[in-house]
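The values are calculated or read from the model by the stated rules, or taken from the named source; none is laboratory data. Everything quoted here is computed from the prediction, not taken from an experiment. Methodologically, a virtual Cβ is constructed for each residue, glycine included, from the backbone with ideal geometry; neighbour enumeration extends over all protein chains shown. The protein model used for the area step is the full one, side chains on, heavy atoms only, and it has no ligands, DNA or RNA in it. Shrake-Rupley method; radii C 1.70, N 1.55, O 1.52, S 1.80 Å.
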Amino acid sequence: MQQPLERFAYDNRHVKAFAYATIIWGLVGMLVGLLIAFQIAFPALNFDIAYTTFGRVRPVHTNAVIFAFVGNAIYMTIYYALPRLMKASMFSPKLGWIHFWGWQAIIVAAAVTLLAGYTSGKEYAELEWPIDIAITLVWVIFGINMFMTIIQRRERHMYVAVWFWIATWVTVAMLHIVNSFELPFSALKSYSWYAGVQDALVQWWYGHNAVAFFLTTPFIGVMYYFVPKAANRPVYSYRWSIIHFWALIFLYIWAGPHHLLYTSLPDWAQSLGTVFSVMLILPSWAGMLNGLMTLRGAWDKVREEPILKFFVVALTCYGMSTFEGPMLSLKNVNAISHFTDWTVAHVHVGALGWNGFLTFGALYFLVPRLWNTPLYSKKMAAQHFWIGTLGIILYAIPMYWAGFSQALMWKEFTPEGTLKYQFLQTVTNIRPMYILRGVGGTLYFVGFLMLVVNIWKTIAAGKFVPTEYGEAPALEKNFVPHAGYNFWHAWIERRPVQMLIVSLVVVAIGGLLELIPTFLIKSNVPTLTHVKPYTPLELEGRDIYIREGCYTCHSQMVRPFRDEVARYGEYSKAGEFVYDHPFQWGSKRTGPDLHRIGGKYPDSWHYNHMMKPTLMSPGSLMPNYPWLLDDNLDTSLTGAKIRAMQTLGVPYPEGYDQIAVADLNKQAAQIADGLKKDKINTAPNKEIVALIAYLQRLGKDIKVKDETVVIK
């Protein structure tokens, strides 16, 4: 018997709000990205101001483009597509608005705190503990609204896009919660619960899969909805989409350790990361080909429709990135690429091409429908496409060239067996590539400005449609599958809760099998008897190092390569990092590795280098840090920091927090007295003194000829 039709509404107001936010934060994120791109080539653009220096601005850029621009684009497309796929209104408009304003407040708080120097020091997870809690709450609100919409649906089967959105929600929640375990010691500061090797593994388990489950899987859902809609064609292969989904979410979660090849991470974990990264190419390309093959018979439309042009290049960039990612996980390739601009190029092919172009296509698709009017100018959209594509090419190719050049220069020796190039030469040699990268980014930004104008004029010509209505019968309570409806996957497609649970189990397996042994089997992190906790002054200096974002340009991980040992000193050992909360291994060397910097130069060298790097390293691209010489060191939290470290297992003596400041002052006075001998008069309570203490400590614990290893 035919069920009676039920009428329901699609609320477009949330879609509109998230679309506006996507455009606004896209402008902000890309503009900040342009600033930091040119700052590397022209250090004067740091302006000698703490709040505009690369180390603080760079995480603002990454958070703005990932969580603000891309995040709002995800919500925009889900709030539009999910009700239409489920034939149901969004569960709660109020929750939708709490989600929207909560997310925008998080973005603003993130920008303000990062520029002020409040950072956890962990890439893509820099936000401090109050904001981490807010992210969790808003993500849960979004999840409730999404899942309740799915549960009250009138369409029995969940379309493939919905599978990816379910997996996105549950996996991002897991990643964020596990990586954000931290111990607060003030209203805005904390230390990572994990240390050293374990912190590095958790961070890149999170970092790699934040790319996977925030920048990839939700956009695959977007692709599966908008490409067929724009092309007016069904998805090429339903069975491919099943393989794509389950294989991707299972394999992706294992691949994080490939960011840590040749580091102090245990070899077994590195090997797991490599193996699963290589396997990832199969499901990734299945998805790419499924999207491109959906356009079969519609390639004449691609020539005429700018939206489809954006989608084709987005899918192509997805295919390029997901081929390159497994290739970069091979140890012989990673030995060249890691710490270089090759990685920067790889990331931005995905970000600019896959995320950016898919978002642009979705905006061009949605806005005319939301305002019930044709797009103002297809010609302008096509021009945007070509300028944006040229921008990606001009961005990526110089960065590939810079990466290859720098890696080869690092490894080159003279016939006499000495290093051929000083590190600074390997940076100044690729400065023209940095300038070209900035030009490419500028073109990409100009294309985005054209989108803004096109969208604005489209909106001005139309009238917003706040509500659309649909009709569909309610789900039958006693559903009996018809003949031909017995494919095994159809069972889980009808059960959103089971889909969520199974997805969680599938993604949790890899994480559990990598993380648990690293934490429970002590031989993974041998304890070196002569590695001691930081002194209070060194701990304060370390916090200043993290605050200024020094890890964005410097690594603290000497790999076991001939050139690195020759340039920096003895390769890094796992036991050296047991008191590092958080770890500081870095992921990019715009400056040299610092793990063995302690004792290499006198204190006065570091003082002058931070005041004006070109004094000590002519031609340096490093910014000046004059405020470190002027600002007084705040020791009001030193005792709290010591107590937090004791809670985390750092073996300071009982009651040491009461005398820590006295010890700090004693060491600071010694450094200040030493500087006076080199005709540098500075008070012992300046921040520069603490930073010098930290830098001079790095690498001093390890003794190559006396390396006693105790397995506890």
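A Cβ-based charge dipole, computed about the Cα centre of the chain with Lys and Arg at +1 and Asp and Glu at -1, lands at about 1700 debye.
For Asp593, the amide hydrogen comes within under 5 Å of the amide hydrogens of Ser555, counting only partners 5 or more places away or on other chains and with H modelled in the peptide plane.
Across the chain, C-alpha contacts under 8 Å between residues 6 or more apart give a mean separation that, scaled by the residue count, equals a relative contact order of 18 percent. Largest to smallest in accessible area, the residues Met399, Met30 fall in the order Met30, Met399 (1.4 Å probe, all protein chains included).
Modelled spin labels at Asn372 and Trp97, positioned 7 Å past Cα toward Cβ, are 2.3 nm from each other. The angle between the Cα long axis of helix 638-647 and the longest principal axis of the Cα atoms of the chain comes to about 70 degrees, rounded to the nearest 10.
How would you classify the range 172-286 from its alpha-carbon gyration tensor, with a ≥ b ≥ c the square roots of the eigenvalues: rounded for a/c under 1.5, else prolate if a/b is greater than b/c, otherwise oblate? Walk me through the numbers on the way to the answer.
Working: a/c = 3.90, a/b = 1.70, b/c = 2.30.
Oblate shape, in that a/c is at least 1.5 and b/c is the bigger or equal ratio.
Against the chain, whose longest principal axis is taken from its Cα atoms, helix 281-293 shows a tilt of about 40°.
In the range 166-213, one over the average inverse separation of all distinct C-alpha pairs is 11.5 Å, which is the Kirkwood hydrodynamic radius. Distance between the modelled labels on Lys457 and Arg239, one decimal in nanometres: 4.8 nm (7 Å Cα→Cβ projection). Size of the range 219-301 from its Cα atoms: along the principal axes, largest to smallest, the extents are 52, 21, 17 Å. Overall dimensions of the range 565-702, expressed as equivalent-ellipsoid semi-axes from the Cα gyration tensor (√(5λ), whole Å, largest first), are 26, 22, 13. Only the Cβ atoms of Lys and Arg (+1) and of Asp and Glu (-1) were treated as charged; on that basis the dipole of the range 149-283 about its Cα centre amounts to roughly 720 debye. The sum of -39500 (n - 2.57) across all DSSP H runs of n ≥ 4, divided by the residue count of the chain, sets its helix-only mean residue ellipticity at 222 nm to -19500 deg cm²/dmol. Once the C-beta distance of Glu412 and Arg156 is scaled by a Förster radius of 56 Å, the resulting FRET efficiency is 0.30 to the nearest 0.05. Please find the FRET efficiency linking Val446 to Val275, where r is the Cβ-Cβ separation and R0 is fixed at 35 Å, and quote it to the nearest 0.05. It comes out at approximately 0.25. Axis angle, to the nearest 10 degrees, between helix 93-115 and the longest C-alpha principal axis of the chain: 20 degrees.
What FRET efficiency do you get for Leu475 and Ile659 if R0 is 56 Å and r is their Cβ-Cβ distance, rounded to the nearest 0.05?
It comes to 0.20.
Computed log10 I(q)/I(0) for the chain at 0.05, 0.10 Å⁻¹: -0.26, -0.99, from the Debye equation with unit scatterers placed on every C-alpha and solvent omitted.
Both radii were evaluated on the Cα set of the range 592-669; the Rg over Rh quotient, with Rh as the Kirkwood radius, amounts to 1.08. Applying a DSSP loop filter and a limit of 11 other Cβ atoms within 10 Å to the GluC sites (Glu not before Pro) in the range 478-585 leaves nothing. For the range 103-156, the calculated P(r), taken from all Cα-Cα distances in 5 Å bins from zero up to the bin holding the longest distance, is 4, 18, 22, 18, 11, 9, 8, 6, 4, 1 percent. Per atom type, the chain shows carbon and sulfur on 66% of its accessible surface, probed at 1.4 Å.
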